[in-house]
1. What is the antiparallel percent of DSSP beta bridges lying wholly in the chain, to the nearest 5?
2. Starting from the amide H of residue 89, placed 1.01 Å from N in the peptide plane, find each other amide H under 5 Å away whose residue is 5 or more places distant or on another chain.
3. Mind checking which of 200, 131, 171 is farthest towards the positive end of the range 78-228's charge dipole, using Cβ charges of +1 (Lys, Arg) and -1 (Asp, Glu) about the Cα centre?
4. With 5 Å bins from zero, work out the P(r) of the range 1-97 over every alpha carbon pair and list the percent per bin.
5. For the range 152-164, what does the Karplus curve 6.51 cos²θ - 1.76 cosθ + 1.60, with θ = phi - 60°, yield as ³J(HN,Hα) per residue in whole Hz, taken in order and with x for Gly and Pro?
6. With a/c under 1.5 counting as rounded, go ahead and sort the range 189-228 into rounded, prolate or oblate using the C-alpha gyration tensor (a ≥ b ≥ c being the square roots of the eigenvalues; past the cut-off, prolate if a/b is larger than b/c, else oblate).
7. Order 59-68, 142-151 from most to least packed using the mean count of other Cβ atoms within 10 Å.
8. State whether the chain is rounded, prolate or oblate according to the following rule on the C-alpha gyration tensor (a ≥ b ≥ c being the square roots of its eigenvalues): a/c under 1.5 gives rounded; otherwise a/b larger than b/c gives prolate, and the remaining case gives oblate.
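Bear in mind that the values in this text are calculations on the coordinates, not laboratory data. The structure displayed is predicted, hence computed values, not measured ones. Positions of Cβ are generated from backbone atoms using ideal geometry, with glycine treated the same way; all protein chains shown enter the neighbour counts.
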Amino acid sequence: MADIRNIVILTGAGVSAESGIDTFRGGGGLWEKHRVEDVATPEAFARDPDLVLRFYDMRRAAIQEKEPNRAHAALARLDAEWPGDLLIVTQNVDDLHERAGARRVLHMHGTHLNAWCTACDARSRWTGPLIDRPPCPACGARALRPDVVWFGEMPYEMERIYGALQAADLFVSIGTSGAVYPAAGFVREARELGTQTLELNLERSQGSAWFDETRLGPAGELVPAWVD
Ligand code: BJW
C-alpha cells in the first residue's frame, strides 16, 4: 500500500457474522417469517410497533452477548497504526468495531445502543428493552424508538462520508451484499474518482463487477491477511 494515504472502509453484516450475529440476506435471514425490508421501515413501526420493537429488543440483547472477531481486531490495529486519514463507515448497528478498539468509526445506519425520542429529538444511550414504552430520559415522553436508519430514511453523516470518499486513495468494502443504497453506490463513486477499490467478501456481491479486485473468503481470514 505504498502509494496509499487515505482509506475509506465500508463494512456490512458479513464482518460481524463470525461473531455470531446473523446477516440480513441469505441463509437464515428471516425473522419470524418477516424480511428485513418489511420490519425495518417507518411504515412497519406505525402499523405494528410491538412487532418492530420486539425485533429490535431481541437483536439489542443478542448483540451485547457477542464479542468482536479477528476482522474487527485487524481493522482496529489498522486504525491505530495508519498515519493517514482512515474512516470505517459501518452499516452495522452493533458496536463490535469500537469494542475491538477502533476509533475512527461512523455508523451510517445508526446504533442499537441508542434510543431516539421522536418527541424531543434527544438521543440517549439505551441497552435495555423498548417494548414497555419507557419514558424518554430527556423529556419524559413515551416516544422512544431505536436510533437506527430504516428504509426510506436518510442515512447518517452522508456529507462526511462523501467528503472522505473524495479524499480517499483506496476504498475497501468488507462483508456487504451491495443490496442497499446509498452504501451500495459508494464503489461507483470511488471508481468515478479514480480511487483504487478492493472487495473482501464471502461470496461475490451485487457490486463485485465494480471493484478493481475481489477477494473471496471469511472476513476473519481475509481482513487480517490484508491488514498485516
Ligand atoms: C460475509 C461473511 C463472512 C457473510 N465474511 N463476508 C437506489 C438508489 C438509492 C436508494 C434506493 C435505490 N433503490 C432503493 C432505494 C432505497 C433503499 C434501498 O436501498 N432499497 C433496496 C432494497 C434496493 N435505501 C434506503 O431507503 C436508504 N435511504 C435512502 O436511500 O435515503 C435516500 C438517499 C439517497 C441517496 C443518498 C442518500 C440518501 C436507507 C437504508 C437503510 C437500511 N437499513 C437497514 C436496517 C438498519 C437497522 C437494523 O440493523 O435493523 O440496514 S436494512 C439492512 O441492510 C441493514 C444493513 O446495514 C443493510 C445492508 O446489509 P448488509 O450489511 O449488506 O448485509 P447482507 O445480509 O445483505 O449481506 C451480508 C454480506 O456478508 C453478504 O454479501 C455475505 O456474502 C457476506 N458474508 N458471512 C465475509 N464470514
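1. Working: 9 of 31 bridges.
The antiparallel proportion sits near 30 percent.
2. Excluding prolines and chain starts, which carry no amide H, the hits are 9, 10, 11, 106.
3. The residue sitting farthest along the positive end of the dipole is 131.
4. Bin by bin from 0 Å, the calculated values are 2, 11, 19, 19, 16, 12, 9, 6, 4, 1, 0.
5. x, 9, 7, x, 7, 6, 5, 4, 5, 5, 5, x, 5
6. Values: a/c = 3.52, a/b = 1.54, b/c = 2.28.
Note, shape of the range 189-228 comes out oblate.
7. Details: 59-68: 15.8, 142-151: 18.3.
Order by mean packing, descending: 142-151, 59-68.
8. Values: a/c = 1.79, a/b = 1.68, b/c = 1.07.
Taking the square roots of the gyration eigenvalues as a ≥ b ≥ c, the chain is prolate.
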